[in-house]
Amino acid sequence: MNLFAALLFRNRLAAAGAVVLSIIGILALLTPVLPLQDPYTTHMGSRYLLPLSPGHFLGTDGLGRDLLSRLMWGTRLSLAVGVVAAVGAGTIGSAVGIVAGYFGGRTDNIIMRFVDMLMGFPYILLALAIVAVLGPGLMNALIAVAAVNVPFFARNIRGITVGLAHREFVDAARLSGKGHLKILVTELLPNALPVIVIAMSTTIGWMILETAGLSFLGLGSQPPQADLGSMLGEARSAMITSPHTSMVPGAMIFLIVMSINLLGDGIRDALDPRLRSGALARPMAATLVRRKTVPGPTGEGLLRLDDLSAQFHVGKRVYRAVSEVSLALAPGECVGLIGESGSGKSVTALSVMGLVASPPGVITGGAARLEGEDLIGAPYERLRSLRGSRVAYIFQDPLATLHPLYKIGDQLAEAIRCHHPISRSEARKRALKLLADVHMPNAAARLDVFPHELSGGMRQRVGIAMALANEPDVIIADEPTTALDVTVQAQILALLDELRRARGLAILFITHDFGVVGQLCDRVAVMYAGRIVEEGPTAEVLAAPAHPYTARLIACVPELGAGRRRLPAIPGLPPAVDRLPEGCAFAPRCEKATEACTKGEIVLSGAQRRWRCIHPEPVA
Amino acid sequence: MTLALKTEALAKRFPAGRRLLGGPRTFVHAVRPVTLEVRQGETLGVVGESGCGKSTLARMLVGLLAPSEGRIEIEGRALDKADPVAFGKLIQYVFQDPQSSLNPRKTIRAILEAPLRNLHGMGRAARETRIAELLAAVNLREEFLDRYPHEFSGGQAQRIGIARALAATPRILVLDEPVSALDVSVQAQVLNLLADLKAEFGLTYIFISHDLAVVEAVSDRIAVLYFGSVVEEGPAERVFARPRHPYTQLLARSAPAVGRPLAPGGEGELPDPLDPPPGCAFAGRCPKATDICRHTAPALRPIEGDQLAACHQPL
C-alpha cells in the first residue's frame, strides 16, 4: 500500500489531481453545513452581478441567485450523478463482461455482438433516445448515461476475464467441485476487481461530462434544481453580456474532469505490475559499474572472469546475485556453468557484456577480459562494437528474442550489417549461408518466413545462426535447449558441438542439466547462491564430485536406465541471496557441516580442480 | 488385480479453420483413439514431446474436457458426461505450474477448503481437522494456511497443489508434469513425497512427463505417445532399456546422459497436424520406414509379452 502511494505521488500531475479532487470532494460533502445562501432564492433586482460583488462572491445569475451557492450545490449533484452512473455502468457492464469472457463460444458471441451494436450508435444519440422514451429528468439522464457506458465496461472486463478463464486455477476450482456461479463470483471476480475499480474511477469524469451535456440540452436536471450542465445551459443566453455565469460552472467542470483524469492515469500506472518491477524504467545501455579496485589478470584465457561480482539494489535490499566468480575459456573450449534457478549463472553470463539491466543491476567488482581487454566499465561504444561480433549470445527462448514482425532473413541480414558495411543482397546471401550452416532444412524458403511460422527447434537454429552471423570468438549460450523437446535438444546440442569443433568457438554453456553438461562440455563450474563451489574437467567432476552440493545434486537427478527407485533428495531450499549466511551457503542443508563451515570465508582452492569446501568428498 | 481406470478408444478432435457459416473446415486430432488400462495401485507413466496430446488426454481423464469419442471407466463405473464434480471425487489433477494453478487472491486455507466443502459438504470443524491432516501429509506447516500463493516457493506451491488434489479423497491422481517447473533438488523432494503419499493412501497415479528419466524412476508401466497415439506401452524397466518402436528408441537415445556421446537421432520434427500423413505418423523420421509404413497406420499390438508397439517393423 505504501509502495502504491509512493509510486502514485511520484507522478506530480497525478498528485496535483488528487489534491484538487479531494478539495472539491470535501467541499461538496460539506455544502449543506457551509454558510451559503439559498441557491433557489431569486432576486430580480440583483441579476447578473459580477464576481466579488458584496454578498455574492461569484456574482449572481440571470434570476439573481447566488452563483457560489448554486455552484456548490450543482457540483455536489454532478459528482453524485457521476459516481452513481459509473458504479451502475461498471456493475452491469462488468457482470456482462465476466459472463461473456468465462463462457466463451456462442454466449460470448451473442453478448458481444449486442454490445458492439450499442457501441456502434453515437453515444449522445443513444442517450437522447433513452431520455426521449423515459422522459426528461436527472434520474433518467443518469440511467441513460450509465446505459451508454455499459459496453465500455463489458468489453474491458471481458478481455480481462478471457485471460483469466484459461488459467489453471479455474480448472482447479472446477475440479474442486465449484459450479459456474461460484467460479464467477469467488475465483474470477476477485482477480478482475482491481481493474473494475480503476475503470470505474477513471470514467467518473466522462459520466459527469455526459450528464452535463444532457442537462445542457434541458434533458437532465429540471429547474430550479441545477447541476453543472444545466447551469451552463441557463447561462447560454447571456454568454456574451455576462460571461461569468457560464465561466463559473465551466471552470468547475474542467477542474473536476481534469483532476479525475490525471489521478486516474496515475492510479493505472502505479498499479501496472511492469512499472512496479521497474521494467518501464528504461534500463541503461550497459550495466552500471561501481568497483573500487580492478583485480589483475590471474591467468591466461580468451575470455576470463576475475572475481566478478554483480548485485541487484532494490530499495534498501542488496541481492548478491554473483560473488567473486573467476572462470576462463580457451579457444575451442566449452565450459558448462551449472546451477539451480537463482544461483547466479545467468547474471554471470550477462555481466560479461554489460547486459544486466541497470537499475537495479550493479557490477560491484572484478573484471571480464577478452584477450586481455577489460570489458567491465568499457565505454558503451566499445561494448557495442564487441557485442555480437566477438562475443555473441544465444538465449533460452528464441520466440522472445526474435522480432515477431520481421522475416528471418531480414533479421539475420540486419545482424550482419550491424558490424559489416555490406550491401543488402550481399547480406542476404550470407544469411542464406548461415541458415545452411545450422542445417536449416529448405533454407532458401525459410529466409522469408516469420518467427512464429517456425517450430521451437527451427527458431533456435535461427538464434544460433544469428549468434554466428559475425563469426564471434565466444558464444555465451544461456539454457539454449531448456525449452526444447529431447529429440530436438539432441539435434541442437550436436549442432553446437559441430560448430565449436569446426570453427574453434569458445562456448560458455549455461544449464541446469548434468546430462547436457556431460555430453557437451570440457570443463564445468557449479554455482550455488552466487558463488562457484566447484570447478574442474567435466568427466572428473561428474565421476567424483568434491563439493557435497555437487555430489548431492548429481545424486538426486534421476538417470535413464537406473530403474525405479527413491531419489536421495536434498532437504531445504537454497538461501535467499539478500540474506546469505556467513561461511558456506550450503552448510544449513549439508550433512557434513560442522561449526567451522558457518564461520568466515571459505575459499575456492585447488589448481586443475577447485572446490570451496573444508570437508570435501574423497576425490580420486 | 482390479482396474482403477480404463479408457476405450478415447479420442479428441478440435475444429480448425472455421468457415463463416456451417461447420469447421477440418479437424485436428489431438488424441487419436487411445485404449488404456491402469491397475489399482499402479503408476502409469505417459511420455511424449510437446504437441503429442498428453495434456489433452489428461484433461479428458479428469473430466475437464469432453471426449469426442470413446469412454472412460473409473473403478468399473462409466463416466459418460465430462463433469468435474462427478469425476472430482474419484480422480484429481495436479498441474504443471504450481503458481498459476493457485488463485493469487485466495489464501491457502480457502484453496484447500473448496473441495472439502463443494465435493464432500463438510462442516467447519470437520474441515479444520481434515486440512490439518492434509498439511501434515505434504509436510507443510499449519502457519502457512493464512498466506497467499505468491509467498511460496515453487516446491511449496506444488505441495499445496498436491494437498488440494488429495483433499477430494480421490482414488486416482493425474500428475501432469508435476515436477518439470521445479529445480532438480526440489524435484526429488516432490517425487519422494508423491511416492510416500501413494503408499499411505493407496493411490493410483497417471504420471505425465516429457522427462524420460523421471518417468522411468517413478513408473510401473510406461506408455509412449506420439502425434496423439500410443506408439509403445510396456513395463517401465523394459520400454527404454529395450524399446520396440523406433520413436521410443529415438527418445531414449536423445535423452542427455552423463558419459554417453552426443547422438542426434536424425533430423525432422512432428508432422503438420492439419495435414497428417496417411500411414504411420513417424514414418517421415523413421530410418526403417518402408512403403507400408507410409500408407497404412499400424495398430498397437503385443510384440513380446506385455510390451506393445504400434509398428510394422518393430525393433
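The values are calculated or read from the model by the stated rules, or taken from the named source; none is laboratory data. Bear in mind the structure is a predicted one, so any value in this text is a computation, not a measurement. Note that we place each Cβ from the backbone using ideal geometry, even for glycine, and neighbour counts take in every protein chain shown.
Couple of notes before you dig in:
A quick yes/no check of all residues on (1) surrounded by fewer than 20 Cβ atoms within 10 Å (Cβ to Cβ); (2) under 29 Å from the mean Cα position of the chain (by Cα):
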site: A:Leu405; (1), (2): yes, yes
site: A:Ala415; (1), (2): no, yes
site: A:His420; (1), (2): yes, no
site: A:Arg428; (1), (2): yes, no
site: A:Ala431; (1), (2): no, no
site: A:Phe450; (1), (2): yes, yes
site: A:Gly457; (1), (2): no, yes
site: A:Ile464; (1), (2): no, yes
site: A:Pro472; (1), (2): no, no
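- Selection from the range A:175-196 of residues that are in contact (Cβ under 8 Å) with a residue 40 or more places away in the chain and under 13 Å from A:Val87 (Cα atoms): A:Ile196
- Test: B:Glu42 is within 11 Å of another protein chain (Cβ to nearest Cβ) and of a type in the set (Asp, Glu): no
- Residue match in the range A:340-357 (condition: touching a helix residue (DSSP H, G or I) at 6+ places or on another chain (Cβ under 9 Å) and not in a loop (DSSP other than H, G, I, E, B)): no
- Qualifying residue in the range A:468-484 (condition: under 18 Å from A:Gly332 (Cα atoms) and assigned to a helix (DSSP H, G or I)): yes
- Qualifying residue in the range B:215-231 (condition: acidic (Asp, Glu) and buried (at least 24 other Cβ atoms within 10 Å of the Cβ)): yes
- The condition of being under 23 Å from the mean Cα position of the chain (by Cα) and either closer than 30 Å to A:Leu573 by Cβ or at pLDDT 90 or above (or both) holds for only one of A:Ser346, A:Ser323, that being A:Ser346.
- Number of residues in the range A:381-403 that are farther than 16 Å from A:Asn470 by Cβ, assigned to a helix (DSSP H, G or I) and either at pLDDT 90 or above or among the charged types (D, E, K, R) (or both): the value is 1.
- Remark: B:Phe282 matches the filter, which requires a residue to be among the aromatic types (Phe, Trp, Tyr), within 12 Å of another protein chain (Cβ to nearest Cβ) and surrounded by 17 or more Cβ atoms within 10 Å (Cβ to Cβ).
- Residues of the range A:509-527 that are facing another protein chain (nearest Cβ under 10 Å) and assigned to a strand (DSSP E or B): A:Thr511 alone.
- Scan of the range A:30-61 for residues that are surrounded by fewer than 16 Cβ atoms within 10 Å (Cβ to Cβ), in contact (Cβ under 8 Å) with a residue 40 or more places away in the chain and of a type outside the set (Ser, Thr, Tyr), ordered by number: A:Leu50, A:Pro51
- A single member of A:Pro39, A:Pro51 is of a type outside the set (Lys, Arg) and within 19 Å of A:Phe254 (Cβ to Cβ), and it is A:Pro51.
- Of A:Ala400, A:Ala436, A:Ala427, A:Ala443, all but one fail to be without any contact (Cβ under 8 Å) to a residue 60 or more places away in the chain, farther than 30 Å from B:Leu270 by Cβ and not polar (S, T, N, Q); the exception is A:Ala427.
- Any chance A:Gly229 is part of a helix (DSSP H, G or I) and of a type in the set (Gly, Ala, Ser): yes
- From the options B:Leu64, B:Leu79, residue that is assigned by TED's automatic domain parsing to the domain that holds B:Ala165 and either more than 20 Å from B:Leu225 (Cβ to Cβ) or in contact (Cβ under 8 Å) with a residue 40 or more places away in the chain (or both): B:Leu79
- Only one of A:Val185, A:Val248, A:Val162, A:Val197 that is over 30 Å from A:Thr41 (Cβ atoms), more than 23 Å from the chain's Cα centre (by Cα) and among the β-branched types (Val, Ile, Thr): A:Val185
- Complete set of residues in the range B:126-155 that are touching a residue at least 40 places away in the same chain (Cβ under 8 Å) and within 16 Å of B:Glu113 (Cα to Cα): B:Ala137, B:Val138, B:Arg147, B:Tyr148, B:Pro149
- Yes/no for A:Ala585 being closer than 30 Å to A:Asn470 by Cα and either in a loop (DSSP other than H, G, I, E, B) or free of Cβ contacts under 8 Å to residues at least 12 places away in the same chain (or both): no
- Condition broken by A:Ala587, with the remaining ones in (1) over 19 Å from A:Arg612 (Cβ atoms); (2) over 35 Å from the mean Cα position of the chain (by Cα); (3) small (Gly, Ala, Ser); (4) more than 7 Å from every other protein chain (Cβ to nearest Cβ) satisfied: (1)
- Unmet criterion (only one of (1) modelled with pLDDT under 90; (2) assigned to a helix (DSSP H, G or I)) for A:Thr241: (2)
- Residue match in the range A:544-558 (condition: within 11 Å of chain B (Cβ to nearest Cβ) and over 14 Å from B:Ser185 (Cβ atoms)): no
- Flag if B:Gly265 is over 30 Å from B:Arg25 (Cα atoms) and modelled with pLDDT under 85: yes
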